[in-house]
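Peer 1: Pasting in a structure now, in structure tokens, and then I'll have a few things to ask.
The values are calculated or read from the model by the stated rules, or taken from the named source; none is laboratory data. This one's a predicted model, so the numbers in the text were calculated from it and none came from an experiment. All Cβ positions, even for glycine, are placed from backbone atoms using ideal geometry, and neighbour counts span all protein chains on display.
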Amino acid sequence: MGRPLTKFQVPIVLATFSLAISDIFKNWLKLAFGRTWPETWVQDNPSLIRDGVHNFNPFHGGAGFASFPSGHMVAICAIMSVFWIRWSLFRPMWAICIGLVFVGQLGANYHFLSDLIAGGFLGSSVGLLIIAFSSAGAVHPVGPQSSRTSTTDSRSMPPDATHPGRRGD
């Protein structure tokens, strides 16, 4: 288990971190906003279509008041945003995955449009932050000695040593 991760494994680990962290924020926001659903799905919850109820009930809690933000959009965007950056060749496929979840959730009256937009924003933001932290060296999915880092710090070396073919001025 002391081996560094492969180039294939790194995006998967980063996407897993992104999903786990975005899920925490999603749960906090669902509680904080307490939005009712467009349709009655769980525990005879009040909804826009059945009861004409369309409001936010901050810190109400319960499954009937957890429409905002969309958890499905948070999850798919948290994963796909990491893949979007790390495996850019497959961007059309990632976009199709996101689009299918978006259309499916909206078309089945599971969420309001704003729930989906907020979920997409939250998931994508966390994914991009994970990528930024990884690129900055704050997250080390490949272990303490990444293939990107060098054991020699060029700032501590004289100019001749950093560029062997050049002479010092």
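Peer 1: Here's a check for you: in the stretch 35-47, which residue that is among the hydrophobic types (A, V, I, L, M, F, W, C) and in contact (Cβ under 8 Å) with a residue 60 or more places away in the chain is nearest to Asp23 (Cα to Cα)?
Peer 2: Trp37
Peer 1: Let me ask something else about it. Within the stretch 52-74, is there a residue that is within 20 Å of Gly123 (Cα to Cα), in contact with a Ser or Thr (Cβ under 9 Å, 6 or more places away or on another chain) and among the β-branched types (Val, Ile, Thr)?
Peer 2: yes
Peer 1: Separate question: Just a yes or no: is a residue in the stretch 51-72 in a helix (DSSP H, G or I) and touching a residue at least 40 places away in the same chain (Cβ under 8 Å)?
Peer 2: yes
Peer 1: Kindly provide the set of residues from the stretch 69-125 that are within 14 Å of the chain's Cα centre (by Cα), surrounded by fewer than 19 Cβ atoms within 10 Å (Cβ to Cβ) and of a type in the set (S, T, N, Q), ordered by number.
Peer 2: Passing the criteria: only Ser125.
Peer 1: Could you say which residue among Ile85, Ile130, Ile76 is β-branched (Val, Ile, Thr), closer than 27 Å to Pro38 by Cα and modelled with pLDDT of 90 or more?
Peer 2: Criteria check complete, one pass: Ile76.
Peer 1: Which one is modelled with the highest pLDDT among residues in the stretch 24-40 that are over 13 Å from Phe68 (Cα atoms) and surrounded by fewer than 18 Cβ atoms within 10 Å (Cβ to Cβ)?
Peer 2: Ile24
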